[in-house]
Amino acid sequence: MDDFRDFVRQRSSALSRNAYLLTGDHQLAEDLLQSALANTYRHWRRIRDDNPEAYVRQAMYHQHIAWWRRRRVTEQLTGAPREHPTADPAEATDLRLTVTAALRRLTPKQRAVIVLRYYDDLTEAQAADVLGCRIGTVKRHGHDALRRLREIAPDLLDLSWQRSTS
């Protein structure tokens, strides 16, 4: 199983970033990745020659949704969002925190579609394959997620518009 160890060493950073984007929490992301890697290890002989990274990502998305279904935590707003972001020398950090907070407010399926489509740069068909659903379902979750992001984080639109005009 040296090839599994090599795979984990080579791809764990990228997979860890994906797990964090899905969960919005470092500890949950570590747990999610470990769970997916444990599942991958059990099936390693069968998948190692195919596309093991896709298998791990799919396992993470499915595990995250399963956790979410069991947890059923209701969303609670703790305060009104800022009207205008304050000028901060660490603009990249501010953008990252804003994106992370906005992603946390999406449903797990919406978050998975956004991460797959815009972070992993997968097509709708590829995202549907990873999530085990139809392309129309990916389109619907993507549409709903983008609409929700426009509502909860309008400052992201301002930042993207400012960057495109700079």
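The values are calculated or read from the model by the stated rules, or taken from the named source; none is laboratory data. Worth saying up front: this structure is predicted, and the values here are computed from it rather than measured. Here the Cβ positions follow ideal geometry from the backbone for every residue, glycine too, while neighbour counts run over all protein chains shown.
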- Selection over region 89-110 where residues are farther than 19 Å from L28 by Cα and loosely packed, with under 15 Cβ neighbours inside 10 Å yields a count of 5
- Query: Looking at region 127-141, which of the residues that are without any contact (Cβ under 8 Å) to a residue 60 or more places away in the chain and surrounded by fewer than 19 Cβ atoms within 10 Å (Cβ to Cβ) is nearest to P52 (Cα to Cα)?
  - Reply: D129
- Item | Members of region 1-33 that are over 16 Å from L122 (Cβ atoms), of a type outside the set (S, T, Y) and loosely packed, with under 14 Cβ neighbours inside 10 Å | M1, D2, D3, R5, D6, R9, Q10, H26, Q27
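Yes/no per residue for (1) under 23 Å from V130 (Cα atoms); (2) in contact with a Phe, Trp or Tyr (Cβ under 6 Å, 6 or more places away or on another chain); (3) acidic (D, E); (4) at pLDDT 90 or above:
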position	(1), (2), (3), (4)
A36	yes, no, no, yes
H43	yes, no, no, no
H62	yes, no, no, no
R82	no, no, no, no
- Message: Just to confirm my filter: which helices (runs of 4 or more DSSP H) fall fully inside region 97-166 and include at least 3 residues that are at pLDDT below 85?
- Response: 154-165
